[in-house]
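The values are calculated or read from the model by the stated rules, or taken from the named source; none is laboratory data. As the structure is a prediction and not an experimental result, all values here were calculated from the model. Neighbour counts are summed over all protein chains in view; Cβ atoms, including those assigned to glycine, are modelled from backbone coordinates with ideal geometry. Just so you know, the surface numbers come from the protein's heavy atoms only, side chains and all, with ligands and any DNA or RNA stripped out. Shrake-Rupley method; radii C 1.70, N 1.55, O 1.52, S 1.80 Å.
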Amino acid sequence: MTPSSDSEKTTIYDVADKAGVAISTVSRVLNNSRDVSDATRERVLRAIKELQFRPNRTAKSLAQRATRTIAVAVPTFTTPFHNELLKGVRSRLDIGEVDLLLCDLAWSNPKATLRNFLARGAMDALLLTGLRYDAEMATELRALGAPVVMIGSKWDDMDSYYWDDEVGVELAIRHLIEQGHRQVGMITTPHDTHVRNARIKGYRTVLEEKGISFDKSLVAWGQTEKHDGFSEESGYEAMQKLLNEQPQITAVFASSDVQAVGAWQAIRHAEKTVPEDFALVGYDDIKISRFIGLSSVAQNMHEVGERAAETLLRRLNREDFPTVSQPVQHELHVRKSSKYSLPSS
């Protein structure tokens, strides 16, 4: 029977409500888990049939094609960080006959965007980036009946590759203090997010470890909210604020390389130089940083993209291996922007 427009909109929540069970139980039935009683399984299956629920309604048509479709959902695919990640994914997928489907989650409401995207089906596997762990969303993702790999945060019982932002920032701040800097400014983003808070915590941890008081007035951000504040414009604005209000600083850590590029331009416009007047360190180690001599904390996005894509392909090939839960190691690449040491007093 061809599903009606109403049945096309049926969700896992509708099935759970009709069967009188939790959505996690519906998820276990859809994934053929043994941890469900026969009576409960029958009730859920009856609800699925009556509601004509199709968790992956395009799977049958996709299975008839030689080409498989892997969806990659990211907050944006226009930033250098996500470009590097996508390049890594694409380089691994070139090996097989795989189509790549992109979903721009948008920064404002990524979970709602993801739900709308998933409702349209049309994928065999999903690589999801930049979404913090959420138990409800995890249940919905398991109900897809398709492999899912997370990048950027650790998800229980799901393949994931993630970074410890505190550790990455600590590398940068220790380096600047070892160069003799005691007044270190920080450029961050305007919104209260896990990434922002973790990086500020790493900054503060090292300062206090070295006997330097944390001064929140040395933490600045720009007014431009494009890319959630991870932009050249935002870095430029934040650096202008530091130059005007905190003239005592001699070093600056930026939470992304693109912010650092904007900060560098603000320093030039103030007729100052890097690294003589200000040492500067960024975060991400995007390609341009290697050419302009910007010191940066590498997150190895290309490699992570390759490894995540490899895991998805292995899951699609039904290989049996334990859930991947892998932290990614940071590396500090020191270049000319922070090599100038202050003279000892």
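Things to note:
- Selection from segment 37-76 of residues that are modelled with pLDDT of 80 or more and among the polar types (S, T, N, Q): Ser37, Thr40, Thr69, Thr76
- Selected residue (only one of Ala309, Ala266, Ala260 is open to solvent by less than 10 Å² (accessible area, probe 1.4 Å), within 15 Å of Leu332 (Cβ to Cβ), of a type outside the set (Lys, Arg) and not in a strand (DSSP E or B)): Ala260
- Yes/no for Thr79 being under 25 Å from Tyr13 (Cα atoms) and either open to solvent by 40 Å² or more (accessible area, probe 1.4 Å) or modelled with pLDDT of 80 or more (or both): no
- Lys201 meets the conditions (1) within 23 Å of Arg335 (Cα to Cα); (2) at pLDDT 95 or above; (3) within 21 Å of the chain's Cα centre (by Cα) in every case but one. The failed one is (1).
- Test: residue in segment 172-186 that is in a helix (DSSP H, G or I) and more than 23 Å from Phe278 (Cβ to Cβ): no
- Residue check for Val148: hydrophobic (A, V, I, L, M, F, W, C), in contact with a strand residue (DSSP E or B) (Cβ under 8 Å, 6 or more places away or on another chain), open to solvent by less than 30 Å² (accessible area, probe 1.4 Å) and within 13 Å of Val206 (Cα to Cα): no
- In segment 195-228, residue surrounded by the fewest Cβ atoms within 10 Å (Cβ to Cβ) [restricted to those that are among the small types (Gly, Ala, Ser) and closer than 24 Å to Lys154 by Cβ]: Ala198
- Those residues of segment 269-289 which are of a type outside the set (A, V, I, L, M, F, W, C) and either assigned to a loop (DSSP other than H, G, I, E, B) or over 21 Å from Phe77 (Cα atoms) (or both), in sequence order: His269, Glu271, Lys272, Thr273, Pro275, Glu276, Asp277, Asp285
- Count of segment 280-322 residues which are in contact with a Leu (Cβ under 6 Å, 6 or more places away or on another chain) and within 23 Å of Ser234 (Cα to Cα): 3
- Residue match in segment 247-257 (condition: in a helix (DSSP H, G or I) and under 22 Å from Thr76 (Cα atoms)): yes
- Considering residues of segment 110-145 that are of a type in the set (Gly, Ala, Ser) and open to solvent by less than 30 Å² (accessible area, probe 1.4 Å) only, the residue modelled with the lowest pLDDT: Gly121
- First in segment 317-329 and in contact (Cβ under 8 Å) with a residue 12 or more places away in the chain and among the β-branched types (Val, Ile, Thr), second anywhere and surrounded by 10 or more Cβ atoms within 10 Å (Cβ to Cβ) and assigned to a loop (DSSP other than H, G, I, E, B), Cβ under 6 Å, 6 or more apart: Val328/Trp163
- Test for Asp156: is it part of a loop (DSSP other than H, G, I, E, B) and without any contact (Cβ under 8 Å) to a residue 12 or more places away in the chain: no
- Single residue of Leu141, Leu126, Leu118 found to be touching a residue at least 24 places away in the same chain (Cβ under 8 Å) and either of a type in the set (Asp, Glu) or out of contact with any Asp or Glu (no Cβ under 9 Å at 6 or more places or on another chain) (or both): Leu126
- Residue count, segment 102-147 (criterion: under 22 Å from Ala22 (Cα atoms) and of a type in the set (Lys, Arg)): 3
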